[in-house]
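> Sharing a structure below in structure tokens format, with a few things to ask.
Bear in mind that the values in this text are calculations on the coordinates, not laboratory data. Remember, it's a predicted structure, so these values are computed and weren't measured experimentally. Positions of Cβ are generated from backbone atoms using ideal geometry, with glycine treated the same way; all protein chains shown enter the neighbour counts.
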């Protein structure tokens, strides 16, 4: 079967060292962490062995190379999501980005103000805003989903008012695979003066992102879910908002001047980057952006839709398996959660793991959602660029064996 460009899936898999080293691994846990292609590893190693130095400070050649590579990565990430370089800050990941945003936006809240969050939010998006709502005597209200596990936009419209100051919304659910209509949500929220923060961690590996098309005020995502390294993420803040915000994290590298009685910050984005950044991680992130772009988004989308259909059909063929989320490919990704009556998801994941099939089980850091489905959580299979029909067939066969063994 042909994949992006003229490359077969075997070509794609060969880009990833783990599949050369573990050829029998059927890796279906990409919503948690994706694997690394060689070009990402090589870019990081090149920094470590040839010009390892801190950025923005040194005047010697290696430090200048490091700074140039770091700022080139910023420009590359900006292009990747259709933003401006000054709107891109690097953090340790989506969790850190969301905590920074919550802390910086907290002073804008007054008693009685409201924060809207979706029923699909990851704890990383939910908890920082629950915290500031409690601290500021504000409210936090959940936007419900409908019977098909899609956001209830009609109710969302009714919930909006001038007291809604912030809307926190995932672009794609890490449990349901649901893709939310971000541009529509932003337009509605902005009509009432609310800021919109988007968690795009699950969206970015699968679909092209244009922050300008969305119109969101802030967008976050992590490298390790998009074929990049662990411990690095992106915080996009729309330029005019970024100019207004006061940094929540203070330290070296983000100050313009410090005296015994005063201090002033650098401009955005540097004022949001205190301390030594994850330089090799940022360079690796840029390489991951290049890798995804080289494959062609239209090709990626077509193939991942095909694999998602195979996964859903395979699960439905088992008869008693309940898929949590839409059964159609309209506005959904290859993140498929399911339950098997009478069987604990952890037991399923353990037995599949013994057969070389990697899935995840539990609450997926989305307990308000998953607890409403099952007290023990759900099992989840999530696809990536390198997922093959053979991987899915092994998963379905393994699930049949696990069900027989645990019955």
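> Can you tell me which of 343-353, 160-170 comes out highest on packing, and rank the rest after it, using the mean Cβ neighbours within 10 Å?
Top to bottom by mean Cβ count within 10 Å: 160-170, 343-353.
> Next up: Work out the FRET efficiency for residue 346 and residue 38 from their Cβ-Cβ distance, taking R0 = 30 Å, and round it to the nearest 0.05.
0.35
> Neighbouring Cβ atoms within 10 Å as the yardstick, rank 289, 365 fewest first.
Ordered from fewest to most neighbouring Cβ atoms within 10 Å, 289, 365 come out as 365, 289.
> Next question, about the same structure. Starting from the Cα of residue 320, step 7 Å toward the Cβ, then list every residue of the range 330-373 with an amide N under 12 Å from that point.
It comes to 340-344, nothing else.
> What are the semi-axes of the equivalent ellipsoid for the range 1-144, taken as the square roots of 5 times the Cα gyration tensor eigenvalues, largest first, in whole Å?
Semi-axis lengths for the range 1-144 are 37, 26, 14 Å.
> To continue, here is another question. In Å and on Cα atoms, what radius of gyration and Dmax does the range 42-293 show?
Rg and Dmax of the range 42-293, Cα atoms, are 18.6, 61 Å.
> Please report Rg (one decimal) and Dmax (integer) in Å for the Cα set of the range 161-203.
10.9, 31
> Still on this structure, please answer the following. Which order do the peptides 10-21, 91-102 come out in when sorted by mean C-beta neighbours inside 10 angstrom, highest first?
Most protected by this proxy first, the peptides run 91-102, 10-21.
> So, by mean Cβ neighbours within 10 angstrom, what's the order for 114-125, 65-76 with the highest one leading?
So the order, starting with the most tightly packed, is 114-125, 65-76.
> Considering only the chain, what is the antiparallel percent among its DSSP beta bridges, to the nearest 5?
Looking only at bridges with both residues in the chain, the antiparallel portion is about 55 percent.
> In whole Å and largest first, what semi-axes does the C-alpha gyration tensor of the range 18-57 yield when each eigenvalue is scaled by 5 and square-rooted?
Calculated on Cα positions only, the semi-axes equal 30, 13, 6 Å.
> Same structure, new question: How long is the gain from residue 135 to residue 161 if the chain were fully straight, where each residue apart is worth 0.36 nm and the alpha carbon distance is subtracted?
So the chain would gain 7.2 nm between residue 135 and residue 161.
> While we're looking at this one, here's another question. Using alpha carbon centroids, what distance separates the range 333-407 and the range 145-219, in Å?
27 Å
> Another question, if that's okay. Given labels modelled 7 Å from the Cα in the Cβ direction, how far is it in nm from residue 230 to residue 305?
Distance between the two pseudo-spin positions: 3.5 nm.
> Quick one: if you stick a label point 7 Å off each Cα along the C-beta vector at residue 45 and residue 244, how many nm between them?
A separation of 4.7 nm, rounded to one decimal place.
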